[in-house]
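The values are calculated or read from the model by the stated rules, or taken from the named source; none is laboratory data. Since we're looking at a predicted model, the values are computed, not measured. Every residue, glycine among them, receives a Cβ derived from its backbone with ideal geometry; neighbour counts consider all protein chains shown. Surface accessibility is based on the protein's heavy atoms, side chains included, excluding ligands, DNA and RNA. Shrake-Rupley method; radii C 1.70, N 1.55, O 1.52, S 1.80 Å.
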Amino acid sequence: MKKRTVKAAGRIGCAVLAFVIAMSSGGTAFASASSTQKDETVYSTLDANGQLKSTTVSDWLHSDSAAAKFLDKSNLENIKNVKSNENPTKDGGNLIWQLDPASTDKTGSNIYYEGTTSKKLPITVSVAYYLDGKEIKPAQLAGKSGKVEMKINIKNNEEHTVNINGKNTTM
């Protein structure tokens, strides 16, 4: 197995392990809160052993109306607008996005931005590598040949209580 195969295996492992959560929640806009949506996707990059390297959060704020301002609750760092030139102002834990009127039209208003977070993931990931049935460290795979196996273990560390049909259930 060549070094690039190990690198590819690491990338595949990271891709498999990339923590992607798509979550929709109502955002708040100065226009009409009922017509404003927020879609958020979280991308986490893990190393070959499953340890967290970085987390990037991608947000899309959308209003069906021609909203001039969005108020968005966020604790992200290194925020950058990825599709236009507007930059937010910070007000405590909120971002205020003032749109250029030329960027709003009859199809609505949109802000696409991303930022980073150092929050702990709600999962723990571990990866074990095997060469011909024997466990091996990922760095030791370079230059080796044989049957390679990856065993990925994902543990959910979050639990919360939900009321289902009048009964509290821990999930």
| query | Under the condition of being of a type in the set (Asp, Glu) and farther than 17 Å from residue 127 by Cβ, which residue from region 140-171 is least open to solvent (accessible area, probe 1.4 Å)? | reply | 158
| query | Which of the residues spanning region 47-75 are open to solvent by 50 Å² or more (accessible area, probe 1.4 Å), assigned to a strand (DSSP E or B) and closer than 18 Å to residue 116 by Cβ? | reply | 52, 53, 54, 60, 73
| Residues of region 140-170 that turn out to be farther than 24 Å from residue 57 by Cα, in contact (Cβ under 8 Å) with a residue 12 or more places away in the chain and outside any strand (DSSP E or B), as a count | 7
| query | Regarding residue 110, is this residue open to solvent by less than 70 Å² (accessible area, probe 1.4 Å), in contact (Cβ under 8 Å) with a residue 24 or more places away in the chain, polar (S, T, N, Q) and assigned to a strand (DSSP E or B)? | reply | yes
| task | Would you be able to tell me the number of residues in region 120-136 that are in a loop (DSSP other than H, G, I, E, B) and surrounded by 11 or more Cβ atoms within 10 Å (Cβ to Cβ)? | result | 3
| said: Here is a check on your reading of the model: is residue 136 touching a residue at least 60 places away in the same chain (Cβ under 8 Å) and within 25 Å of residue 53 (Cα to Cα)? | reply: no
| query | residue 99: of a type outside the set (Asp, Glu) and under 30 Å from residue 71 (Cβ atoms), yes or no? | reply | yes
| In region 76-97, how many residues are farther than 14 Å from residue 114 by Cβ, surrounded by fewer than 11 Cβ atoms within 10 Å (Cβ to Cβ) and not β-branched (Val, Ile, Thr)? | 5
| note | When region 115-133 is checked residue by residue, the ones that are over 15 Å from residue 51 (Cα atoms) and touching a strand residue (DSSP E or B) at 6+ places or on another chain (Cβ under 7 Å) are 115, 116, 117, 130, 131
